[in-house]
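This report concerns only the one structure given below.
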Amino acid sequence: MSKKLVSVLVIMLVIVTFAFSQAATERITPRIGIISAMENEIRVLLDNAKIDHVENYGGQDFHVGTLCGKDVVIVQAGIGKVLAASGAATMLNRYNISTVIFTGIAGGVGDKTRVLDIVVGTDLLQHDFGMVTHDGFVWNATGSMRCYSDDNLVDMAYDAAVEKLGAEHVFKGTIVTGDQFIASDWYVSELQTKFDAVACEMEGAAVATVCDQYSTPFVVIRAMSDKADGLAEETYINMADIAANNSSAIVMAMLKKM
């Protein structure tokens, strides 16, 4: 075997060894997982992060790096329960995730919340899990068990939001999830009456369920882009980006205290 060939093989072995070592280190390093549904919900986070590299799994880009001095993985999982659950499960399988934070926008439920207010989810459930009968939709409480956010993370998120916006604009409470954009005065009233919900959205309970399965602490932070009523679509168009930026600001303020 020529010396040149030996040198090439040694270089290749070093490169492969380094790649495996880097991959192993990445799996070992504890990271905070940050998940959102839409591009505008992670834009500010990515702009402020130092991203080392991006890995694509199942069509979802996982941005690996640091944000506010913390090791993080950030993913825009996509809209709806299926994509949210897929993103959460992939993240928890591929990385050493110590904590999951879901950030984004939602519809306010009830009279207390206003557009651009923040809701930190203490518990989450699916409002559209059930059976359609001759008498209408019957919700299945057994199939959609409440998932409870980590108390410490809830308190940290709440305190960070209060510092940014003031206590009158921050709420803790139940967030309900379904694969529908709610723009109905009647239905939003049902969500308040049946579930005592404070906000409604399309991903939170799915991510919460996956985190429960993996025994990973989580919290869901939502900024109100609308009131989920008859004017929801128009309000959403005008306020979604501002609300998304508010939620991102809360996440960064929270990270600085972690």
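The values are calculated or read from the model by the stated rules, or taken from the named source; none is laboratory data. In this text, all values refer to a predicted model and were calculated from it rather than measured experimentally. Cβ placement follows ideal geometry from the backbone for every residue including glycine, while neighbour counts extend to all protein chains displayed.
I'd like the full set of residues that are free of Cβ contacts under 8 Å to residues at least 60 places away in the same chain and within 29 Å of TYR187 (Cα to Cα), limited to segment 158-177.
TYR158, ALA167, GLU168, HIS169, VAL170, PHE171, LYS172, GLY173, THR174
Of the numbered conditions (1) crowded, with 22+ Cβ neighbours inside 10 Å; (2) at pLDDT below 95; (3) farther than 17 Å from CYS200 by Cα, PHE137 fails exactly one; give the number of that condition.
Going through the list (1) crowded, with 22+ Cβ neighbours inside 10 Å; (2) at pLDDT below 95; (3) farther than 17 Å from CYS200 by Cα, PHE137 breaks only (1).
Before we move on, is VAL119 within 25 Å of ASN152 (Cα to Cα), buried (at least 22 other Cβ atoms within 10 Å of the Cβ), at pLDDT 95 or above and not hydroxyl-bearing (Ser, Thr, Tyr)?
Judged against the criteria, VAL119 is a match.
Looking only at segment 144-155, how many residues end up being in contact with a strand residue (DSSP E or B) (Cβ under 8 Å, 6 or more places away or on another chain) and not hydroxyl-bearing (Ser, Thr, Tyr)?
6
Can you name the residue in segment 115-129 that is of a type outside the set (Asp, Glu) and out of contact with any Lys or Arg (no Cβ under 8 Å at 6 or more places or on another chain) and, of all such residues, is farthest from ASP241 (Cα to Cα)?
PHE129
Among the residues in segment 210-217, are any at pLDDT below 95, surrounded by fewer than 18 Cβ atoms within 10 Å (Cβ to Cβ), charged (D, E, K, R) and out of contact with any Asp or Glu (no Cβ under 6 Å at 6 or more places or on another chain)?
Looking through segment 210-217, none of the residues is at pLDDT below 95, surrounded by fewer than 18 Cβ atoms within 10 Å (Cβ to Cβ), charged (D, E, K, R) and out of contact with any Asp or Glu (no Cβ under 6 Å at 6 or more places or on another chain).
Could you count how many residues in segment 188-209 are in contact (Cβ under 8 Å) with a residue 12 or more places away in the chain and hydroxyl-bearing (Ser, Thr, Tyr)?
Of the residues in that region, 1 qualify.
Which of the residues spanning segment 48-82 are in a helix (DSSP H, G or I) and either among the aromatic types (Phe, Trp, Tyr) or touching a strand residue (DSSP E or B) at 6+ places or on another chain (Cβ under 8 Å) (or both)?
ASN48, LYS81
For segment 200-244, name all the residues that are touching a strand residue (DSSP E or B) at 6+ places or on another chain (Cβ under 8 Å), under 20 Å from ILE32 (Cα atoms) and in a helix (DSSP H, G or I).
GLY204, ALA205, ALA206, VAL207, ALA208, THR209, CYS211, ASP212, ALA244, listed by residue number.
Can you tell me which residue is nearest to ALA205 (Cα to Cα) among those in segment 145-169 that are of a type in the set (A, V, I, L, M) and crowded, with 22+ Cβ neighbours inside 10 Å?
Residue satisfying both the conditions and the ranking: ALA157.
ARG31 is checked against (1) among the basic types (Lys, Arg); (2) buried (at least 19 other Cβ atoms within 10 Å of the Cβ); (3) outside any strand (DSSP E or B) and fails just one. What number does that condition carry?
Result: ARG31 passes all but (3).
From the list PHE171, PHE181, exactly one residue is assigned to a loop (DSSP other than H, G, I, E, B) and on the phi < 0 side of the Ramachandran plot. Which is it?
Every option except PHE181 fails the conditions.
May I ask you to verify whether ASP111 is out of contact with any strand residue (DSSP E or B) (no Cβ under 9 Å at 6 or more places or on another chain) and outside any helix (DSSP H, G or I)?
The answer is yes for ASP111.
Do any residues in segment 68-93 that are hydroxyl-bearing (Ser, Thr, Tyr) have Cβ atoms under 7 Å from those of residues that are surrounded by fewer than 17 Cβ atoms within 10 Å (Cβ to Cβ) and part of a strand (DSSP E or B), where the two are at least six apart or on different chains, and which pairs are they?
Matching pairs, first to second residue: THR90/TYR57.
Mind checking which pairs have a first residue in segment 142-157 that is acidic (Asp, Glu) and a second that is crowded, with 20+ Cβ neighbours inside 10 Å, Cβ under 7 Å, 6 or more apart or different chains?
So the pair list comes out as ASP150/PHE218; ASP150/VAL219.
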